[in-house]
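**Q** Sharing a structure with you now.
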Amino acid sequence: MGSTTYAVEDLLRTLAPQVLGVLTRRYGDFDTAEDAVQEAMLAAATQWPDEGTPDNPRGWLIQVASRRLVDTVRAEVARRNRETSTMLREVPAAAELSDAVDERDDTLTLFFLCCHPVLSPASAIALTLRAVGGLSTEEIARAFLLPESTMAQRISRAKKRLAAVDRPFASGESGYPEQWRARVGTVLQVLYLIFTEGHTSTGSELRRNDLSAEAIRLARALHRLLPEDSEVTGLLALLLLTDSRRAARSGAHGELIPLAEQDRGKWERATITEGIRLITATLPGGLSGPYQIQAAIAALHAQARRAEDTEWDRILLLYNRLERIASNPMVTLNRAVALAMVEGPQAGLDLAATLEAPLKGSHRLDAVRGHFHEMAGDYSAAITAYTAAAGRTTSTPERNYLILRAALLRKQH
């Protein structure tokens with residue numbers, strides 16, 4: 001596959017949610033719009049590498065997708081032997097499409113619209129990740145620790161539920177409609193999951209910069225809309241502080257480098273400064289939200305010039321607070337790491353033991369246990385845990401790191 005093809009794929013991945021946002025806002029039928037966008041993307045992937053990318057690729061995709069959508073609706077109307085339909089009255093004629101293309105980026109709007117109140121938060125998140133975030137059903141299932149078939153059914157049910165709602169994606173307004181405020185929490189969770197998948201990919205690469213960059217871009221857009229929302233600010237700060245370590249997270253051959261071993265000179269200080277400035281601005285109102293607290297934890301890591309300078313006692317206090325307001329197994333696992341750094345590996349192992357049921361089958365629990373056993377000098381148990389984690393992770397770089405870690409312990413001990 002040539003470089004031109006890769007460039008086209010990257011461009012299409014970026015434009016897809018924007019085009020889907022335009023069509024859903026304009027026509028109100030998410031399912032049909034999604035199919036039309038997929039057809040337009042396929043046409044572009046076939047034509048652009050040979051014929052060249054058009055001057056306005058976004059406009060090209062909108063026009064082609066709009067025509068495909070119009071054709072689909074007209075075919076359905078003809079099949080049902082109707083002379084007219086509500087939707088067709090709203091669809092501009094194909095000849096008018098060039099004038100109808102606008103340059104507004106509807107990606108953030110589409111995030112809010114996918115988080116419709118008729119959907120449960122879990123369904124809204126899954127649908128948005130699939131349709132807007134560009135994640136595969138398999139990737140979403142991994143993020144939720146669910147079987148792929150279960151996640152496919154959840155997404156399918158969400159689409160059917162929206163299909164029963166009268167024009168669920170038609171806002172007709174620009175800006176930030178007040179009725180969307182209740183959806184902010186779900187949108188933040190979706191952005192965080194997309195960033196997480198990009199920062200620590202579940203596939204063959206350690207990271208997918210396209211996903212993490214898009215999550216940060218949308219978080220910035222949301223922050224411009226809601227600059228006084230401490231959780232929106234907290235999420236943006238968290239993403240920036242985490243992303244600042246990107247260049248130090250992998251070696252020359254793409255191998256994973258854990259936080260404690262990273263060359264902190266490679267951390268992006270300007271990004272760290274921006275993230276710390278953002279989270280500091282929220283402090284007068286107190287640390288009351290989970291993204292605020294996680295950003296504060298990331299800031300403490302960022303401010304430590306050496307791994308041994310990390311203020312683990314303060315990080316542990318923050319994880320204690322986070323667990324009180326947003327308890328989940330991964331928060332507890334992270335608290336176990338901080339606890340081990342403050343009180344010793346046995347304290348971490350004892351807390352990790354309480355997660356056997358909720359994190360059953362997760363490689364992260366075994367990986368953390370391996371770290372604790374290594375800290376305690378129980379190298380046999382550490383090798384066993386690292387090997388088990390390597391067998392469960394879906395990330396190739398993580399698997400390679402865990403296998404190497406176990407091999408080094410065997411050789412040294």
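**Q** Run the quick spin-label model on Met330 and Leu11: label points 7 Å from Cα toward the beta carbon, then report their separation in nm to one decimal.
**A** Modelled inter-label distance: 3.4 nm.
**Q** May I pose another question? Rank-order 342-352, 369-379 by packing density, defined as the average count of other C-beta atoms within 10 Å over each peptide's residues, highest first.
**A** Taking the mean over residues of other Cβ atoms within 10 Å, the ranking is 369-379, 342-352.
**Q** Still on this structure, please answer the following. State the percentage of accessible surface on segment 317-368 attributable to carbon and sulfur atoms; use a 1.4 Å probe and exclude ligands, DNA and RNA.
**A** Result for segment 317-368: 53 percent of the exposed heavy-atom area is carbon or sulfur.
**Q** With +1 on the Cβ of every Lys and Arg and -1 on the Cβ of every Asp and Glu, and nothing else charged, how large is the dipole of segment 286-413 about its Cα centre, in debye rounded to the nearest 20?
**A** About 360 debye.
**Q** Between Ala163 and Arg224, what FRET efficiency follows from the Cβ-Cβ distance if R0 is 22 Å, with the result rounded to 0.05?
**A** It comes out at approximately 0.10.
**Q** Distance from the Cα centre of segment 347-407 to that of segment 113-161, in angstrom?
**A** What the calculation gives is 29 Å, centre to centre.
**Q** Same structure again: Rank Ala336, Thr393, Met375 by how far each Cα sits towards the positive end of the charge dipole of segment 293-397 (+1 on Lys, Arg Cβ; -1 on Asp, Glu Cβ) and give me just the farthest.
**A** Final value for the positive-end residue is Thr393.
**Q** Determine the per residue accessible area of segment 272-368 with all protein chains present and a 1.4 angstrom probe, expressed in square angstrom. Mind showing how you got there, number by number?
**A** Details: 4680 Å² over 97 residues.
For segment 272-368, the solvent-accessible area averages 48 Å² per residue.
**Q** Of the heavy-atom accessible surface of segment 182-272 (probe 1.4 angstrom), what whole percent is carbon and sulfur?
**A** Carbon-and-sulfur percentage of accessible area, whole number: 52.
**Q** To continue, here is another question. Which peptide among 292-300, 395-403, 261-269 comes first, and what is the full order, when sorted by highest mean count of other Cβ atoms within 10 Å?
**A** Ranking, from highest mean packing down: 292-300, 395-403, 261-269.
**Q** If you don't mind, there's one more thing I want to ask. Placing +1 on the Cβ of each Lys and Arg and -1 on the Cβ of each Asp and Glu in segment 193-352, which of Tyr319, Gly275, Ile257 has its Cα farthest towards the positive end of the resulting dipole?
**A** The listed residue farthest towards the positive side: Gly275.
**Q** Could the peptides 387-393, 357-363 be put in order, highest first, of the mean number of other beta-carbon atoms found within 10 Å of their residues?
**A** Result, highest mean first: 387-393, 357-363.
The values are calculated or read from the model by the stated rules, or taken from the named source; none is laboratory data. Model, not experiment: these values are computed from the prediction. Note that each Cβ is placed from the backbone with ideal geometry, even for glycine, and that neighbours are counted across all protein chains shown. Areas reflect the complete protein model, heavy atoms only, side chains present, ligands, DNA and RNA absent. Shrake-Rupley method; radii C 1.70, N 1.55, O 1.52, S 1.80 Å.
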